[in-house]
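Beneath this line is the structure, given in structure tokens, with notes to follow.
Every number in this text was worked out from the coordinates using simple rules, so none of it is lab data. Predicted, not measured: the structure shown is a model, and the values here were computed from it. Here the Cβ is made from the backbone with ideal geometry for all residues, glycine too, and neighbour counts use every protein chain on show.
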Amino acid sequence: MDRSIHSEHIGTFSYEEMSKAYTYQEGPVHWALDISDEKASVHEMMHRAEQIYRVLQEFDMQAKIAIANELTAYKNDFWPEYDEDDEHLDWDEVDAGKYDVTPERFAASIRLLDIVIKYEHIYCEYDDGELFGGHRIHACFENDYRLRSAEI
């Protein structure tokens, strides 16, 4: 097994035995090619990573919108932007949605940190922009970039 592989577009990936993945840790987005599945071909995984890299800005924008559509209601229901113990809080304003985060604000708040190319899907990790108290957002996408799942 090669200790490293090079992408002209992304950079040089180093093999990590423990995670059974080739990783690239430089730049704002960290990349990994997970080859733990016996069916995985490192060259096919690299090809898929390079395809995403070429459209990364568009992929990220569409991913943020899909994640926001999936998680905004959860955010507003369970991670409120107001202090429930505030004795002066106007609950009518709360019920009217005054403190709700919009999907647009949600999408603008999150930031892509990691992309892991797996055999059957793509895993992405996002900084939550403090929407969920600093927790990470975990999102899985089909190989055609459709959102499969998103969670905190």
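Give me a count of the residues in the stretch 7-53 that are of a type in the set (Ser, Thr, Tyr) and within 20 Å of the chain's Cα centre (by Cα). Talk me through it step by step, then tell me what you get.
If we filter the stretch 7-53 for residues that are of a type in the set (Ser, Thr, Tyr), which is where we start, we get 7, 12, 14-15, 19, 22-24, 36, 41, 53.
Filter again for within 20 Å of the chain's Cα centre (by Cα), leaving 19, 22-24, 53.
Final tally of qualifying residues: 5.
In this structure, is residue 73 small (Gly, Ala, Ser) and closer than 30 Å to residue 25 by Cα? Steps first, please.
On the way: small (Gly, Ala, Ser): yes; closer than 30 Å to residue 25 by Cα: no.
Considered against the rule, which asks whether it is small (Gly, Ala, Ser) and closer than 30 Å to residue 25 by Cα, residue 73 comes out as no.
Got a number for residues in the stretch 66-97 being within 30 Å of residue 141 (Cβ to Cβ) and of a type in the set (D, E, K, R)?
At the first step, the residues of the stretch 66-97 found to be within 30 Å of residue 141 (Cβ to Cβ) are 66-81, 97.
Checking which are of a type in the set (D, E, K, R) leaves us with 70, 75, 77, 81.
Matching residues across the stretch 66-97 total 4.
Only residues that are of a type in the set (Val, Ile, Thr), more than 16 Å from residue 73 (Cβ to Cβ) and in contact with an Asp or Glu (Cβ under 7 Å, 6 or more places away or on another chain): list them for the stretch 88-116, please. Give the steps one after another, and end with the answer.
Residues of the stretch 88-116 that are of a type in the set (Val, Ile, Thr), as a first pass: 94, 101-102, 110, 115-116.
Those left that are additionally more than 16 Å from residue 73 (Cβ to Cβ): 115-116.
The answer is 116, and nothing else.
Which condition does residue 11 not pass, out of (1) touching a strand residue (DSSP E or B) at 6+ places or on another chain (Cβ under 6 Å); (2) surrounded by fewer than 11 Cβ atoms within 10 Å (Cβ to Cβ); (3) small (Gly, Ala, Ser), if it passes all the others?
Every condition holds for residue 11 apart from (2).
Quick one: how many residues across the stretch 9-66 are among the small types (Gly, Ala, Ser) and part of a loop (DSSP other than H, G, I, E, B)?
Going through the stretch 9-66, the residues among the small types (Gly, Ala, Ser) turn out to be 11, 14, 19, 21, 27, 32, 36, 40-41, 49, 63, 66.
Those still in the list that are part of a loop (DSSP other than H, G, I, E, B) too: 19, 27, 36, 40-41.
Counting residues in the stretch 9-66 that are among the small types (Gly, Ala, Ser) and part of a loop (DSSP other than H, G, I, E, B) gives 5.
Restricting attention to the stretch 68-87, does a residue exist that is under 14 Å from the mean Cα position of the chain (by Cα) and of a type in the set (Val, Ile, Thr)? Break it down into steps so the answer makes sense when it comes.
Our first condition is that a residue be under 14 Å from the mean Cα position of the chain (by Cα); within the stretch 68-87, this holds for 68-71.
Next, from what is left, pick out any that are of a type in the set (Val, Ile, Thr): none.
No, that holds for no residue.
Among all residue pairs at least 6 apart or on different chains, which show Cβ distances below 9 Å where the first residue, located in the stretch 79-96, is surrounded by 14 or more Cβ atoms within 10 Å (Cβ to Cβ) and the second is polar (S, T, N, Q)?
Partner pairs satisfying both residue conditions: none exist.
For residue 68, indicate whether it is closer than 23 Å to residue 11 by Cα and in contact (Cβ under 8 Å) with a residue 40 or more places away in the chain.
Numbers: closer than 23 Å to residue 11 by Cα: no; in contact (Cβ under 8 Å) with a residue 40 or more places away in the chain: yes.
Here the answer is no, as residue 68 does not meet what is asked.
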